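Just below is one structure, and these are the notes that go with it.
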Amino acid sequence: MRSVLLALLPPLLLVLAGCSYGAEPAASSSRPFAPENTSAPASPDTWLSQVCTGLAPARTTTGPPESIAGQPAASKQLMLAYLDGRIAGLGRAADQVNAAGPAPVDDGQSATATAVDLLREQAATLSEERAALAAVPDNDPATIANQLQQVRANAVTTKASTLRDLASPAALVDEASEVPACEGLR
């Protein structure tokens, strides 16, 4: 019996290896809001500190880059890099707010879900703009210029005041003004 099992082992291993050949791991996708922190609600100061720290990657103090005169392909690459950074920052911020769990207020999960959804929507908008710009051939300067103009007009820039409002449900506005991590969002 043992020799039969040993004889079957190599073909079985080949079959299993063949089944996984060429298989790609599942792509990670943004998950809808589901608080990662399911423990007891944090104190308002602790929660605000986590959220304000988590929102830092979404903060921007500048708008989209200007075009480089006479260099449409270089301008396109500059804008793509800007959009990549903004999309990644908004995604990290959404993940961090999600990880903080529900706000320690009445209907806190709804308040937090709204913030996470807003960040993810902004990232999705920028992803669409990025895809449209990336699709323009580098040897088509007129279309690049038009697309850059459209991206600039539609680019979502998350200003610090927007983040402050996002981080502070109405019931926590006073507490937010006393949390050091929220200072940068003023």
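Residue check, A93 against (1) touching a Pro at 6+ places or on another chain (Cβ under 6 Å); (2) without any contact (Cβ under 8 Å) to a residue 12 or more places away in the chain; (3) not acidic (D, E), all met but one. Which one?
If we test A93 against (1) touching a Pro at 6+ places or on another chain (Cβ under 6 Å); (2) without any contact (Cβ under 8 Å) to a residue 12 or more places away in the chain; (3) not acidic (D, E), just (2) comes out false.
E128: of a type in the set (D, E), over 15 Å from G54 (Cα atoms), in a helix (DSSP H, G or I) and at pLDDT 90 or above, yes or no? Spell out the reasoning first.
Numbers: of a type in the set (D, E): yes; over 15 Å from G54 (Cα atoms): yes; in a helix (DSSP H, G or I): yes; at pLDDT 90 or above: yes.
So E128 passes the test.
Listed residues L48, L78, L55; which is surrounded by 20 or more Cβ atoms within 10 Å (Cβ to Cβ) and more than 16 Å from the chain's Cα centre (by Cα)?
L48
Could you tell me whether A94 is at pLDDT 90 or above, of a type in the set (A, V, I, L, M, F, W, C) and closer than 20 Å to A131 by Cα?
So A94 fails the test.
Of S75, S67, S110, which residue is of a type in the set (S, T, N, Q) and in a loop (DSSP other than H, G, I, E, B)? Write out each step before concluding.
On the way: S75 fails: in a loop (DSSP other than H, G, I, E, B); S110 fails: in a loop (DSSP other than H, G, I, E, B).
Sole residue among the options that is of a type in the set (S, T, N, Q) and in a loop (DSSP other than H, G, I, E, B): S67.
With the structure loaded, tell me whether L83 is in contact with a helix residue (DSSP H, G or I) (Cβ under 6 Å, 6 or more places away or on another chain) and touching a residue at least 12 places away in the same chain (Cβ under 8 Å) or whether it fails that test.
For L83, the condition - in contact with a helix residue (DSSP H, G or I) (Cβ under 6 Å, 6 or more places away or on another chain) and touching a residue at least 12 places away in the same chain (Cβ under 8 Å) - is met.
The values are calculated or read from the model by the stated rules, or taken from the named source; none is laboratory data. Being a predicted model, the structure only gives us computed values, none of them experimental. Every residue, glycine among them, receives a Cβ derived from its backbone with ideal geometry; neighbour counts consider all protein chains shown.
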